[in-house]
Each structure stands twice: as structure tokens, then as C-alpha cells.
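Q: I'd like to ask some things about the structure below.
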């Protein structure tokens, strides 16, 4: 009886192990086609709106982009426009790419040029990553047309 219990326990453990391993190697999570919205606010504000089709970014727009009440999307200040251009370069980079490309934003220096040399402000891609993850975690905002 004891041997039978040991054998059953071993088989059960192997089944669990194989099941977990297979799930981990299947790759990316599939997201429904459609529009997603999310944001990061603290005190910077990064709000995104993007469309996924076949797990790829088909469109990407900023609903809001700013810091402490300063709207980067409407500013005429050259320094702030440079920051906006950096964020836009990251957004443009994602369009046409799989959701997996989000990890590339952890090294924004490989994607966006440092256009804001006057104020020495650096691009904080982690805020954009957080906004995108917020949108994905919230789920579909609108179905695909």
C-alpha cells in the first residue's frame, strides 16, 4: 500500500511538473483585438490609447502626456517638445510589433534620440511601460471594428 501511494504521488508530481513546463514555454499571452486604454499618473501623466490586432500594435496615441500640470502635447516650449518627440519615437517603434516588443522600451536609448539636451531631462520609458501594462491589465476598452 505504501509503495502504491509513493508511485501515485510520483506520477502526480510528474504530471504537474510537465503541465507547468508546457505552459511556461508557450510564449506570449494573446490579447483580444481592439482598443486598449491605460495610464500612469504620479505626478507625471502618461495616458495611452492603442489598438492591438493579432497581438501587434496597430495604432498608438497619447491621450495625455505631461508633468505637474504642464501639457507636453500642447506646449510650444522647445525643451518639452523634445521630450514629447522622445515619447513619440517609442510609440512609433511599437507600431507593427508584437506586444513582446514592450520589453525593448526598457532601453529607450536604443530607440529614441536624446533631443532634450538643454534641460538634460531624460526619457522615463518606465512610465510609458506602466501605462501600457495598465491598459493590458484593464483589458479591452473597445472591440475591434
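Q: Checking the structure you have, find out if any residue of the stretch 21-29 is within 18 Å of residue 142 (Cβ to Cβ) and either in contact with a strand residue (DSSP E or B) (Cβ under 9 Å, 6 or more places away or on another chain) or modelled with pLDDT of 95 or more (or both).
A: For the stretch 21-29, residues within 18 Å of residue 142 (Cβ to Cβ) and either in contact with a strand residue (DSSP E or B) (Cβ under 9 Å, 6 or more places away or on another chain) or modelled with pLDDT of 95 or more (or both): absent.
Q: Something else about it: Name the residues in the stretch 66-78 that are surrounded by 14 or more Cβ atoms within 10 Å (Cβ to Cβ) and either modelled with pLDDT of 95 or more or part of a loop (DSSP other than H, G, I, E, B) (or both), would you?
A: Once the filter is applied, which keeps residues that are surrounded by 14 or more Cβ atoms within 10 Å (Cβ to Cβ) and either modelled with pLDDT of 95 or more or part of a loop (DSSP other than H, G, I, E, B) (or both), the stretch 66-78 yields 72, 73, 75.
Q: Which ones in the stretch 45-57 are surrounded by fewer than 16 Cβ atoms within 10 Å (Cβ to Cβ) and assigned to a strand (DSSP E or B)?
A: Matches in the stretch 45-57: 53 only.
Q: Return only the number of the condition from (1) outside any helix (DSSP H, G or I); (2) in contact (Cβ under 8 Å) with a residue 24 or more places away in the chain that residue 101 does not satisfy.
A: The number of the failed condition is (1).
Q: For the structure I just gave you, tell me whether residue 91 is within 12 Å of the chain's Cα centre (by Cα), more than 19 Å from residue 139 (Cβ to Cβ) and surrounded by fewer than 16 Cβ atoms within 10 Å (Cβ to Cβ).
A: No, not satisfied.
Q: Does residue 113 satisfy the condition of being part of a helix (DSSP H, G or I) and either without any contact (Cβ under 8 Å) to a residue 60 or more places away in the chain or under 19 Å from the mean Cα position of the chain (by Cα) (or both)?
A: no
The values are calculated or read from the model by the stated rules, or taken from the named source; none is laboratory data. Here the structure is a predicted model, which is why all the values come from computation and not from measurement. Every residue, glycine among them, receives a Cβ derived from its backbone with ideal geometry; neighbour counts consider all protein chains shown.
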